[in-house]
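Values in this text are rule-based calculations from the coordinates and carry no lab data. Predicted, not measured: the structure shown is a model, and the values here were computed from it. A quick note on method: Cβ atoms are made from the backbone with ideal geometry, for glycine too, and the neighbour counts reach across all protein chains shown.
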Amino acid sequence: MPHLFLGGPADPLLVSDALVEIRDLSFGYGSRQILKGINLTARRGQVIAIMGNSGCGKTTLLRLIGGALRPTQGSVRVDGLEVPNLDQQALFALRRRMGMLFQFGALFTDISVFDNVAFQLREHTDLPEPLIRDLVLMKLHAVGLRGAADLMPSELSGGMARRVALARSIALDPMLIMYDEPFAGLDPISLGVTGNMIRRLTDALGLTSLVVTHDVQESLKIVDYVYFISNGVIEAEGTPDEIRASTLPFVHQFVHGEEDGPVPFHYPAPDLAVDLGVARA
Amino acid sequence: MIWGWPVPERSLIPIRHLGHRVIESVWRLGVAARFFVLTLMRSGTCARRPHLVIREVFSTGVLSLIIILVSGLFVGMVLGLQGYDTLQTYGSEEALGILVALSLVRELGPVVAALLFASRAGSAITAEIGLMRATEQIEAMQMMAVDPIARVVAPRFWGGLISMPLLAALFSAMGIFGGYLVGVVLIGVDEGSFWSQMQAAVDFGDDILQGVIKSVVFGVAVTVIALFEGFDAPPTAEGVSRATTRTVVTSSLAILALDFVLTAIMFRGV
Amino acid sequence: MERTTLDLWVGLFVAAGIGALIFLALKVGNLGSFDSARTYAVEAHFDNIGGLKARAPVKSAGVVVGRVSEIGFDAQKFEATVRLDLDSRYQFPKDSSASIMTSGLLGEQYIALEAGGEEAMLKSGDRIQLTQGAVVLEQLIGQFLYGKGDAAAGAEGEAK
């Protein structure tokens, strides 16, 4: 797939550098602790999956990395910068080097696909319009939607919207992209396309990808390392092979989609016999 | 127990509820005030990219034209009818022009136009912004290092502020025309005295300027309320729809309350 | 919508709005008339101004020739001092008289200027010497009652 990017291909010497370093991170609202003592490292050029069941704090983690939330304890470092300590200007400068893909794309509905992708270029750079046009078309080409440039977001299917959002997030060639449930609700073809695109972009641009998902099969195919979060702590971590072979009950239940295990099937309730009035509590 | 008197716990609940509501409203008022100041401070983008504001003037002003013009016409016509009916008993039909003009320019123009503006443009703004929040567009903007207040909120504020006085003036003008239609053309009040008495009685500084000041203040109030409710709405479908109704209700109350305050202040000067 | 069409509509809207404002100011209000003309100020003292207010018209032969600009009080002589702004186009003799009249039966009060016969004209800062205060309804009624009473006493006296 021939395409041009603003940055060069990944420098193999830099691959071992840690781009995102999270040490002992805790976050909660009042009495509710959402994340406890999280330790996570993401190196340049890696695709990291963050998995867990719904409501375990995965999206909160992304927000903490992006600086939208402040941790109650611990450190979040992106490219060596301590995110919670950054002032507005520095935070905005850092965000320009990060891209985020929201679950349903979060495209701006009042402007066209082309304008959506061009958004960051127009807001943050002084590039002339013809150059912006070329860049936007190239980004759209990279996700295979160059022909859809003049459509409005309401005319796109879910999968297409997400691909446009992906094109939008790579507009400024970020060093880090965070994906919030990129596989949710996609048909099998789009699943494969999305997965491949994530991997290819990461390799070609030399960036780092953090994929928050609970789609085990797709993500294990493309990621370099996996973190499992359950009840706010990291239950397990490892390479895809290690995860597949893991005998930890939680991981096993998750990977094989078992009905009952550490995550119970039944919502807490009194015994059935008691409810039916057959036995006494 | 309250101060030694045995009070049943259940009867305290509505009182506690009321107190809670009041405290919440005051707190929200403070948040809204801060939001307003923030909007003003981040208006630099609007000055550098006026096209953003122009888009909003279209969306709040031009799209409200029809309802404003038609309502203005009807209000003016009713004023003509009712006014003639009453003035006739004192033999002062020629004062119809004065009655129609003063009622519209001082009160009805700014107030009714603002109420219509609140229900059409205000609710649209709230729905737009609430929906942007619900579909994570605002968050996406923040993650792209674009300040949503500067890019989304401020242009709508200035757009609404520019539209409001213009709409009020158009309302008043249409109303006077409506009064003329009914009074002079239909009923037969003398055309000359209609306009000349009106000109003599309506003072630019006292009446017209007063009306313009009122409409500007109403414009600020309605737009800020609409923007805040939209921005503050829970990002769900239900939250947005509730916020939209709240905008219309709160704006209407604010308009009427401010109308009283402004009239009291400005009238004393006369 | 296309950018240019949008701009066109907004331009039309703003033009219409400003047009409405101008219409209100000129055709409906009194901006087009007197206030913009040049004026000169004269003073007049009254023993009672009644309901005269600032901005009340000054009329001569029924035509508006000026406005009341200021109403003050002379604490030495205990009279009302009224400042009139007269239109520069009209000159009045120095011995003109100013009286406070009511328009209609219960209407607002205004100042009626009656020209005198002198050759010299009023200049800015001059004082109108001949003034007639407002007619106060209670005084009028009192005069009427006492007048009636006097006439009755006179008739009685004559009858006696």
remark   = Nearest 10, in degrees from 0 to 90: the angle of helix A:113-124 to the longest Cα principal axis of chain A is 80
Chain A - charge dipole about Cα centre, Lys and Arg +1 at Cβ, Asp and Glu -1, debye rounded to 20 = 400
request  = Tell me, rounded to the nearest percent, the portion of alpha carbon pairs in the range B:42-266 spaced more than 33 Å apart.
outcome  = 26
ask   = Seen from all sides and averaged, what is the projected area of the convex hull of the Cα atoms in the range C:3-147, in nm²?
value = 13.5
inquiry  = On C-alpha positions alone, give me the angle between the axis of helix A:158-169 and the longest principal axis of chain A, in degrees, nearest 10.
reply    = 60
task = Counting other beta carbons within 10 Å of each Cβ, put B:27, B:195 in order, fewest first.
result = B:27, B:195
inquiry  = Restricting to DSSP H runs of at least four residues, report the calculated mean residue ellipticity at 222 nm for chain B, -39500 (n - 2.57) per run over all residues, nearest 500 deg cm²/dmol.
reply    = -25000 deg cm²/dmol
remark   = Expected sort for B:172, A:246 with the fewest Cβ neighbours (10 Å cutoff) up front is A:246, B:172
request  = Using the 2.2 N^0.38 Å rule of thumb for compact globular proteins, work out how the range A:15-246 stacks up: its C-alpha Rg over that value, please.
outcome  = 1.00
task = Can you tell me what the convex hull of the Cα atoms of the protein assembly as shown projects to on average, as an area in nm²?
result = 57.0
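What are the DSSP H helices in chain B that stretch 27 Å or more along their long axis, judged by alpha-carbon atoms, and whose average Kyte-Doolittle hydropathy comes to at least 0.0?
On the way: long enough: B:9-41 (48 Å, 0.57); B:65-88 (34 Å, 1.61); B:154-180 (40 Å, 1.11); B:209-232 (34 Å, 1.53); B:237-269 (48 Å, 0.92).
Length and hydropathy pass: B:9-41, B:65-88, B:154-180, B:209-232, B:237-269.
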query = Using only Cα atoms, what Kirkwood radius does the range A:26-123 have, in angstroms?
reply = 15.6
inquiry  = If I fit a long axis through the Cα atoms of helix A:129-142 and take the longest principal axis of the Cα atoms of chain A, what angle between them do I get, 0 to 90°, rounded to 10?
reply    = 40
ask   = DSSP loop GluC sites (Glu not before Pro) in the range A:203-281 with at most 15 other Cβ atoms within 10 Å of their Cβ, which ones?
value = A:258, A:259
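Quick one: of A:36/A:221; C:53/C:94; C:59/C:94; C:27/C:123; C:27/C:53, which pairs are farther than 26 Å apart, Cα to Cα? All intermediate terms of the calculation are to be shown ahead of the outcome.
On the way: A:36/A:221 28 Å; C:53/C:94 24 Å; C:59/C:94 17 Å; C:27/C:123 33 Å; C:27/C:53 24 Å.
Check vs 26 Å cut-off fails for A:36/A:221; C:27/C:123.
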inquiry  = If neighbour count is taken as other Cβ atoms inside 10 Å, put C:9, B:5, B:158 in order from fewest to most.
reply    = B:5, C:9, B:158
